[in-house]
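Undergrad: Got a structure for you, questions after.
The values are calculated or read from the model by the stated rules, or taken from the named source; none is laboratory data. Predicted, not measured: the structure shown is a model, and the values here were computed from it. Methodologically, a virtual Cβ is constructed for each residue, glycine included, from the backbone with ideal geometry; neighbour enumeration extends over all protein chains shown. These area figures cover heavy atoms from the full protein model, side chains too; ligands, DNA and RNA do not enter into them. Shrake-Rupley method; radii C 1.70, N 1.55, O 1.52, S 1.80 Å.
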Amino acid sequence: MAIHNRISAIYDLGQFFSFITENETDKPENLAKYEYLKEEFISVLNSAEIHNPWFTKDNLNYCLSQWGKTLTEKNLKDWVKNYSEAQNPKNVGIIMAGNIPLVGFHDLISVLVSGHKAMVKASSKDDVLMDFVMNYLKNSNEDLNQSIQKVERLQNQDAVIATGSNNTARYFEYYFKDIPHIIRKNRTSVAVLTGNESNEDLKKLSEDIFRYFGLGCRNVTKLYLPKGFNTDLIFEAFYDWSPIINHTKYSNNYDYNRAIYLMEQQAFLDNNFVILKEAKDFHSPIGVVHFEFYEDLEEVKKELKENEEKLQCVVGNDFEVKFGETQKPSLTDYADRVDTMRFLEIL
């Protein structure tokens, strides 16, 4: 199968996502097919939420909508034109995370548009939606059907892309030491405020924090604030996200962390749905956002540079990612800043 046909199949999937979430499609001739699949897919989405309560309908729809906007024909063609097609297709194992919906999808389509075959070890947290996506692509034509294989255990792979915790990464590094690999560890994201942000900027920041309940590596879990910054401005801008406390699992985490801080007599700020706690750590628990006051912005930049291997995004008006954009990565926003396509190109 020519690469342009693989791209066409992935583009068609993106069109289906756009139809489901926006009722839009570039090709009206596909409407009948999308309408036929709609009822089945809604059932899949319901099952995905039952299987993993973190995958709420709102977050699932957001995820699908973003992929629909990303997987345009132009975006896909512009993406792959900078890479050469595999002349000797390899079996590439993909061990997927499951912290947010379809978090391993980019790895899957990277392998496919590179011309390789994907051996997918899906996360048990995200296998309902991922199964549908893989079957959709497999049913597109026979070549993709032969190029996507779901496995319970990787074996006989020529290369691997694995995502997990810092602990599992050590195991992956050892287990796959003899073959080409990309091993991803825990990362998180931070935001740097200067005090010149508008209320709209801070509202967009709340999207970076609360989308997917803060479970993604692109979610902001720590704020750098200029000394004297009025934290009430943050709480005011975050108010639209107050209904998040009605989600049982999020509420349980929030209540637990609040109780721990109270028992240990630790200082924190609270607005009844999120806690702001002054701390050096980049990672914060669910329901908590760390913050740190600074006096010298250049020192902050230096610290972030020294710890870049721990960070996925640095958010701010004068930084690499703008407020509200962390959960809208492009096809070239590679996890851990490792060019997956280049890795696949040289296998």
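Undergrad: Give the number of residues within region 155-164 that are modelled with pLDDT under 95 and either in a helix (DSSP H, G or I) or within 20 Å of D339 (Cα to Cα) (or both).
TA: Total satisfying the criteria: 1.
Undergrad: Do any helices (runs of 4 or more DSSP H) entirely within region 35-146 hold 2 or more residues that are without any contact (Cβ under 8 Å) to a residue 12 or more places away in the chain and farther than 22 Å from E325 by Cβ, and if so, which? Break it down into steps so the answer makes sense when it comes.
TA: Working: elements: 57-70, 73-80, 105-113, 127-138.
It comes to 127-138.
Undergrad: Just to be sure before I move on: is D26 over 20 Å from the mean Cα position of the chain (by Cα) and assigned to a loop (DSSP other than H, G, I, E, B) in the structure I sent?
TA: So D26 passes the test.
Undergrad: Filter region 317-332 down to the residues that are closer than 15 Å to T188 by Cα and at pLDDT 95 or above, then identify the one that is surrounded by the most Cβ atoms within 10 Å (Cβ to Cβ).
TA: Of the residues in region 317-332, the ones closer than 15 Å to T188 by Cα are 320-321, 325-327, 329.
This time we only want the ones that are at pLDDT 95 or above, so: 321, 325-327, 329.
Values: V321: 20, E325: 17, T326: 26, Q327: 18, P329: 17.
Looking at the filtered set, the residue picked out is T326.
Undergrad: Here is a follow-up. Is it the case, given these coordinates, that A48 is open to solvent by less than 20 Å² (accessible area, probe 1.4 Å), within 23 Å of P329 (Cβ to Cβ) and out of contact with any Ser or Thr (no Cβ under 9 Å at 6 or more places or on another chain)? Let's see the steps before the verdict.
TA: Details: open to solvent by less than 20 Å² (accessible area, probe 1.4 Å): yes; within 23 Å of P329 (Cβ to Cβ): yes; out of contact with any Ser or Thr (no Cβ under 9 Å at 6 or more places or on another chain): yes.
Criteria met by A48.
Undergrad: Right, here's the next one. Here is a list: R218, R211, R258. Which entry is within 18 Å of T188 (Cα to Cα), assigned to a helix (DSSP H, G or I) and modelled with pLDDT of 95 or more?
TA: Working: R218 fails: assigned to a helix (DSSP H, G or I); R258 fails: within 18 Å of T188 (Cα to Cα).
Only one candidate qualifies: R211.
Undergrad: List pairs: first residue in region 1-28 and farther than 30 Å from Q87 by Cα and open to solvent by less than 10 Å² (accessible area, probe 1.4 Å), second residue among the hydrophobic types (A, V, I, L, M, F, W, C) and part of a loop (DSSP other than H, G, I, E, B) anywhere in the structure, Cβ distance under 9 angstrom, at least six positions apart or on different chains.
TA: What qualifies is F17/L71.
Undergrad: Identify all residues within region 29-43 that are buried (at least 18 other Cβ atoms within 10 Å of the Cβ) and within 25 Å of the chain's Cα centre (by Cα); write none if there are none. Steps first, answer last, please.
TA: Step one: list which residues in region 29-43 are buried (at least 18 other Cβ atoms within 10 Å of the Cβ), which gives 34, 41.
Selection gives F41 alone.
Undergrad: Continuing with the same structure: For the structure I just gave you, tell me whether K222 is crowded, with 20+ Cβ neighbours inside 10 Å, over 30 Å from I50 (Cα atoms), charged (D, E, K, R) and touching a residue at least 40 places away in the same chain (Cβ under 8 Å).
TA: Working: crowded, with 20+ Cβ neighbours inside 10 Å: yes; over 30 Å from I50 (Cα atoms): yes; charged (D, E, K, R): yes; touching a residue at least 40 places away in the same chain (Cβ under 8 Å): yes.
Against the criterion (crowded, with 20+ Cβ neighbours inside 10 Å, over 30 Å from I50 (Cα atoms), charged (D, E, K, R) and touching a residue at least 40 places away in the same chain (Cβ under 8 Å)), K222 qualifies.
Undergrad: May I ask you to list the residues in region 256-278 that are within 13 Å of V289 (Cα to Cα), open to solvent by less than 60 Å² (accessible area, probe 1.4 Å) and among the hydrophobic types (A, V, I, L, M, F, W, C)?
TA: F268, F273, V274, I275, L276
Undergrad: Of everything in region 95-146, what is modelled with pLDDT of 95 or more, surrounded by fewer than 23 Cβ atoms within 10 Å (Cβ to Cβ) and among the hydroxyl-bearing types (S, T, Y)? Give them in sequence order.
TA: S123, S124, Y136
Undergrad: Would you check if E292 is in contact with a Phe, Trp or Tyr (Cβ under 9 Å, 6 or more places away or on another chain), open to solvent by less than 50 Å² (accessible area, probe 1.4 Å) and acidic (D, E)? Talk me through it step by step, then tell me what you get.
TA: Details: in contact with a Phe, Trp or Tyr (Cβ under 9 Å, 6 or more places away or on another chain): yes; open to solvent by less than 50 Å² (accessible area, probe 1.4 Å): yes; acidic (D, E): yes.
For E292, the condition - in contact with a Phe, Trp or Tyr (Cβ under 9 Å, 6 or more places away or on another chain), open to solvent by less than 50 Å² (accessible area, probe 1.4 Å) and acidic (D, E) - is met.
Undergrad: Does V315 fit the bill of being within 18 Å of N196 (Cβ to Cβ) and among the β-branched types (V, I, T)? Reasoning before the result, please.
TA: Details: within 18 Å of N196 (Cβ to Cβ): yes; among the β-branched types (V, I, T): yes.
The answer is yes for V315.
Undergrad: Restricting attention to region 229-255, which residues are open to solvent by less than 70 Å² (accessible area, probe 1.4 Å) and in a loop (DSSP other than H, G, I, E, B)?
TA: F229, T231, F238, H247
Undergrad: Still on this structure, please answer the following. Please tell me if Y171 is within 28 Å of D333 (Cβ to Cβ), at pLDDT below 95 and either hydroxyl-bearing (S, T, Y) or assigned to a loop (DSSP other than H, G, I, E, B) (or both). Lay out the reasoning, then the answer.
TA: On the way: within 28 Å of D333 (Cβ to Cβ): yes; at pLDDT below 95: yes; either hydroxyl-bearing (S, T, Y) or assigned to a loop (DSSP other than H, G, I, E, B) (or both): yes.
Considered against the rule, which asks whether it is within 28 Å of D333 (Cβ to Cβ), at pLDDT below 95 and either hydroxyl-bearing (S, T, Y) or assigned to a loop (DSSP other than H, G, I, E, B) (or both), Y171 comes out as yes.
Undergrad: Only residues that are in a loop (DSSP other than H, G, I, E, B), of a type outside the set (S, T, N, Q) and closer than 30 Å to P226 by Cβ: list them for region 174-199, please.
TA: Narrowing region 174-199 to residues in a loop (DSSP other than H, G, I, E, B): 176-180, 185-187, 193-198.
With of a type outside the set (S, T, N, Q) added as a condition, the list becomes 176-180, 185, 187, 193, 195, 197.
Those that are in a loop (DSSP other than H, G, I, E, B), of a type outside the set (S, T, N, Q) and closer than 30 Å to P226 by Cβ: R187, L193, G195, E197.
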